[in-house]
Amino acid sequence: MTDFRELKEWEKAHELTVAIYQVTKNFPEDELLGLTQQIRLACSAIPIKIAQGFNREDLDDQINLLELAQDAAIEVEYYLLLCHELDMLDTSDYDRIVSKTVEVKGLLENYIEKLSHNF
C-alpha cells in the first residue's frame, strides 16, 4: 500500500466526516461556534490521524496516532448523543451516523491490535 487513502479505516473515517458535515449544515446558527464546530473538528481528526499514522515509520508513533483517532471517534459518539438529545439531530440521522462511528471505532481497534502484534 502506498497511499493512506487505500486504507479501509481511512475511507470509512472520511465517509463519516462527510456525513457529519452534511447533517450539521442544518444545525442552529447559534451553534456554529459550539457543537457544530466541535463535532466537525473531532470527526475530521479521525481520518487526519489515520493519514498521519500511515506516514510514520515508527510503529509506536503509528499506534499512538491511531489511538488518538479512536479517542476522537469516542468524542464524536458523545457529540452525536448530545445533539440527538438536544433535538438537533433526528433519530434516523443519529442511528445512521452512530452506526458509522461504531464501525470506524471497530476498524481502528482491529488495526491497532494488528499493528501491536508486529512488535
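General observations
- Helical runs assigned H by DSSP (4 residues or longer) give the chain a calculated mean residue ellipticity at 222 nm of -26500 deg cm²/dmol, each run adding -39500 (n - 2.57) before division by the residue total.
- Largest mean-square fluctuation among 36, 91, 24, in a Gaussian network model of the chain whose springs join Cα atoms under 10 Å apart, belongs to 91.
- Angle in degrees between helix 59-85 and the longest Cα principal axis of the chain, rounded to the nearest 10: 10 degrees
- Residue exposure sequence - 98, 104 - by fewest surrounding Cβ within 10 Å: 98, 104
- Using alpha-carbon coordinates, inclination of helix 35-54 to the longest axis of the chain, degrees: 10 degrees
- Packing order of peptides 12-19, 66-73, highest average first: 66-73, 12-19 (average count of other Cβ atoms within 10 Å over each peptide's residues).
- Rounded FRET efficiency, nearest 0.05, which uses the C-beta distance separating residue 96 from residue 117 and R0 of 35 Å: 0.60
- Total formal charge among the other residues, if their Cβ is under 15 angstrom from that of residue 13, Lys/Arg +1 and Asp/Glu -1: -4
- In degrees, nearest ten, helix 91-116 long axis to first principal axis of the chain (Cα): 10 degrees
- Positive contributions from Lys and Arg (+1) and negative ones from Asp and Glu (-1), summed over other residues with Cβ under 14 Å from the Cβ of residue 114, come out at -3.
Bear in mind these aren't lab numbers, they're just calculated from the coordinates by the rules spelled out. Please read all numbers here as calculations on a predicted model, not as lab measurements. With ideal geometry, Cβ positions are generated from the backbone for all residues, glycine too; neighbour counts draw on all protein chains shown.
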